[in-house]
Amino acid sequence: MSTPQSQYAAAGVDLSQAEIAKARIGELVAATRTPLSVGAVGAFGGMVRIPAGMRSPVLVMSTDGVGTKVLVAMQAGRFDTVGEDLVNHSVNDILVHGAQPIAFMDYIAGHRLPVEMIAGVVEGIARGCQAHGMALAGGETAAMPGLYAEKTFDLAGTIIGVVEEDQAMHGAAIVPGDVLIAYEASGLHTNGYTLARHVLFDGMGLSLDSRLPGGDVTVGDALLALHRSYVAAIKPALGQIHGLAHITGGGIAGNLVRVLPDGCEAVVDPRSWEWPLLTRVIAEGGKVELAEMRDVFNLGVGMIAAVPADSVEAVQHAATAAGVPTWVCGSVRAGPTRVVFAD
């Protein structure tokens with residue numbers, strides 16, 4: 001007679017494998033604990049202290065995923081990069097508000113995921129957390145047969161940061177006359193992968209091992225390039241920046257407009273930089289219209305800062321010291337609250 005556990009396994013959930021994965025994850029979580037960590041690893045809830053000495057701390061929270069980049073990772077059999085992507089994306093999302101990351105929680109849902117697959121994802125998450133000095137406070141790994149195909153998964157995470165209320169950035173300080181500084185992206189980051197995969201694989205017939213046309217990198221390496229964190233490039237200059245926009249889904253216009261106050265129009269000069277090779281290949285190989293490329297991809301720009309003209313040199317110097325290329329990509333002028341390209 002079958003035991004309840006064996007019936008559960010036959011239905012698609014192997015509790016013994018889940019326990020092995022849980023033990024490995026526990027080791028990774030423990031390695032990220034910081035002086036702010038409270039409670040035990042594996043508890044029902046993760047706990048962190050607010051950093052000492054803050055006058056009026058405000059929590060800044062964000063939840064996001066890495067989209068269909070997980071499909072590329074599964075196809076390539078490389079799992080740790082998307083975990084680090086998730087952390088870096090999330091860190092950038094709260095960085096625009098001037099927040100310091102203090103804790104992260106992940107959610108992995110899938111079906112019959114091998115232990116090495118789950119461990120690979122969490123290793124990347126843990127690495128990203130350690131790089132930013134924040135705790136991986138907990139998370140969830142959900143076995144969901146019937147909803148996911150075997151050995152497929154989705155990935156999401158929630159970040160918690162903290163900032164002094166009177167130092168939180170909302171974009172309200174942006175004024176006409178500010179200069180727009182672009183920070184170079186390290187790839188597609190975590191947006192636009194559905195269109196990218198359609199063009200490269202379905203339309204152009206390329207594989208992960210194909211050389212990217214016109215370059216010396218494989219398609220797989222180009223697509224799985226790590227989503228850059230901008231903390232080291234921006235944090236030293238935060239006090240000289242009026243506003244920040246993380247360029248994610250929606251492109252430059254769709255994200256920069258989110259931080260513009262009333263009466264400010266951002267003018268972006270598309271001649272100030274050249275699109276990365278991968279972006280050009282997608283546009284040319286898929287015959288994708290310019291407007292759609294601007295709506296879907298970051299076009300090589302991962303972050304945009306609005307800064308006073310007399311702070312441009314200092315802000316760019318901080319980025320250069322962190323190894324992140326920047327350039328002046330436009331300006332802010334009085335006008336309707338929108339983003340325009342000076343074509």
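Things to note:
- Between 0 and 90°, nearest 10: helix 115-131 axis offset from the chain longest Cα axis: 40 degrees
- For the stretch 278-321 versus the stretch 152-200, the spacing of their alpha-carbon centroids is 11 Å.
- Label selected from [x] 31, 24, 21; [y] 35, 23, 17; [z] 36, 27, 15, the criterion being semi-axes √(5λ) of the Cα gyration tensor in Å as computed here: [z]
- Note on the stretch 179-341: with charges restricted to the Cβ of Lys and Arg (+1) and Asp and Glu (-1), its dipole about the Cα centre is near 180 debye.
- Subtracting the Cα-Cα distance of R33 and E140 from 0.36 nm times their residue separation leaves 36.8 nm of extension gain.
- Per the Debye calculation on the stretch 12-167 with a single equal scatterer at every Cα and no solvent contribution, log₁₀ I(q)/I(0) for q = 0.09, 0.16, 0.21 Å⁻¹ amounts to -0.29, -0.84, -1.32.
- Contact order normalised by residue count of the chain, Cα under 8 Å, 6+ apart, percent: 21 percent
- Where a label projected 7 Å from the Cα of D343 along Cα→Cβ would reach, residues of the stretch 221-261 with amide N under 20 Å: 250-257
- Of the residues T34, S56, Y107, the one whose Cα sits farthest toward the positive end of the charge dipole of the chain, with +1 on the Cβ of Lys and Arg and -1 on the Cβ of Asp and Glu, is T34.
- Calculated FRET efficiency for the pair W327/I50, C-beta based, R₀ 41 Å, to 0.05: 0.65
- Around the Cα centre of the chain, unit charges on the Cβ atoms of Lys, Arg, Asp and Glu (plus for the first two, minus for the last two) sum to a dipole of about 340 debye.
- Range in the chain, longest, excluding exposed GluC sites (Glu not before Pro) [loop by DSSP; at most 15 other beta-carbon atoms within 10 Å]: 1-149
Every number in this text was worked out from the coordinates using simple rules, so none of it is lab data. Because the structure is a prediction, the values reported are computed rather than measured. For neighbour counting, all protein chains shown are included, and Cβ atoms are generated from backbone atoms with ideal geometry for every residue, glycine included.
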